[in-house]
Amino acid sequence: MTQLSQLISLLHLASPALPIGSFSYSQGLEAAIECGMVRDAGSAQRWVRSNLLDVQAQCEAPVWLLLYRHWRTLDATRLAEWNDWFHATRESAELRLETEQMGWSLARLVAQMEWGDARLRAQLVALAPVCLPTAFAAACVALDVNERDGLAAYCFSWAENQVSAALKAVPLGQVAGQHILRRLHPAVLETVDEAVRRADAEPPRLSTFSPMLGLLSARHETQYSRLFRS
């Protein structure tokens, strides 16, 4: 596959138009807004950047890389282990529901689009529940996207969804949202670099320590007024 073809595949996977329901989730951001932790463009940018570098880079991003590498070799045992391990790290009912629903939707799309070979699609279908990073890594392997580019697209897509949620819930203007996204570019690259270091360590260096996110997510379950499902 040419570099241009890979780029188009990445744009497809990272597009907000991908029908996996990402627009309906905020991953605790709405609860942070309710608590006053996020109240304007500056605090929204700090929230997203902190979650990239202090949460995504410590666990989800390196796990994504491990999953990607096991998809490359179709190691069914290791894929199931890391998928289940990630699922167990979701601290609240909403965070579990989010990764399950979006993962299922993306796995179904991979099957419907017939991305990759039949063995990869069969293995993806066999995972239940399938988490979002598992399904996204599988899609990248199916479309022959290299691991660093695939992870960058995954992280940017997450950041873009956070900014989109902030536009609606803070609320912010469209230009303010674009400024935030542009300023987050270095954080996305830092997240990828840190994830590679952690995934390459033996054993992988993973940390799920994010108590504030867990508390906010749990509080969101009973929040009086909500736009988002997490």
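Numbers for the structure displayed
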{"quantity": "S207 being hydroxyl-bearing (S, T, Y) and closer than 16 Å to V38 by Cβ", "calculated": "no"}
{"quantity": "Residues satisfying the stated conditions in the range 1-16, i.e. over 20 Å from A169 (Cα atoms), under 19 Å from the mean Cα position of the chain (by Cα) and exposed (fewer than 12 other Cβ atoms within 10 Å of the Cβ)", "calculated": "L11"}
{"quantity": "Among the residues listed as G42, G21, G28, the single one being more than 18 Å from L143 (Cα to Cα) and out of contact with any helix residue (DSSP H, G or I) (no Cβ under 8 Å at 6 or more places or on another chain)", "calculated": "G42"}
{"quantity": "Residue match in the range 171-191 (condition: free of Cβ contacts under 8 Å to residues at least 24 places away in the same chain, surrounded by fewer than 21 Cβ atoms within 10 Å (Cβ to Cβ) and not in a helix (DSSP H, G or I))", "calculated": "yes"}
{"quantity": "Members of the range 67-76 found to be hydroxyl-bearing (S, T, Y) and in contact with a helix residue (DSSP H, G or I) (Cβ under 9 Å, 6 or more places away or on another chain), listed by number", "calculated": "Y68"}
{"quantity": "The one condition in (1) modelled with pLDDT under 95; (2) within 16 Å of M212 (Cβ to Cβ) that R46 fails to fulfil", "calculated": "(1)"}
{"quantity": "Tally, over the range 192-227, of residues that are surrounded by 12 or more Cβ atoms within 10 Å (Cβ to Cβ), in a loop (DSSP other than H, G, I, E, B) and either at pLDDT 90 or above or among the charged types (D, E, K, R) (or both)", "calculated": "8"}
{"quantity": "Residue list for the range 74-119, filter: over 19 Å from A195 (Cβ atoms) and of a type in the set (S, T, Y)", "calculated": "T77, S92, S105"}
{"quantity": "Near pairs, Cβ below 6 angstrom, 6+ apart or cross-chain, from the range 139-168 (within 24 Å of V125 (Cα to Cα)) to any residue that is at pLDDT 95 or above and among the basic types (K, R)", "calculated": "V141/R72"}
{"quantity": "Only listed residue being in contact with a Gly (Cβ under 8 Å, 6 or more places away or on another chain), β-branched (V, I, T) and within 30 Å of M212 (Cβ to Cβ), chosen from V170, V110, V130", "calculated": "V130"}
{"quantity": "Given (1) in a helix (DSSP H, G or I); (2) farther than 21 Å from S15 by Cα; (3) modelled with pLDDT of 95 or more, index of the condition P129 fails", "calculated": "(1)"}
{"quantity": "Helices (runs of 4 or more DSSP H) contained in the range 1-76 and holding at least 2 residues under 26 Å from E91 (Cα atoms), free of Cβ contacts under 8 Å to residues at least 24 places away in the same chain and of a type in the set (S, T, N, Q)", "calculated": "41-51"}
{"quantity": "Members of the range 54-76 found to be over 25 Å from L143 (Cβ atoms) and either of a type outside the set (A, V, I, L, M, F, W, C) or over 13 Å from the mean Cα position of the chain (by Cα) (or both), listed by number", "calculated": "D54, Q58"}
{"quantity": "Positions within the range 132-151 being surrounded by fewer than 19 Cβ atoms within 10 Å (Cβ to Cβ) and in a helix (DSSP H, G or I), in sequence order", "calculated": "R148, D149"}
{"quantity": "Residue count for the range 77-101, restricted to those that are part of a helix (DSSP H, G or I), among the charged types (D, E, K, R) and touching a residue at least 40 places away in the same chain (Cβ under 8 Å)", "calculated": "2"}
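Listed here are the residues, each with its yes/no results for (1) more than 21 Å from R205 (Cβ to Cβ); (2) surrounded by fewer than 21 Cβ atoms within 10 Å (Cβ to Cβ); (3) at pLDDT 95 or above.
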position: R69; (1), (2), (3): no, yes, yes
position: R78; (1), (2), (3): no, yes, yes
position: W82; (1), (2), (3): no, no, yes
position: L109; (1), (2), (3): yes, yes, yes
position: R121; (1), (2), (3): yes, yes, yes
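The values are calculated or read from the model by the stated rules, or taken from the named source; none is laboratory data. Model, not experiment: these values are computed from the prediction. Quick reminder, even Gly has a Cβ in these numbers, built from the backbone with ideal geometry, and neighbours come from all protein chains shown.
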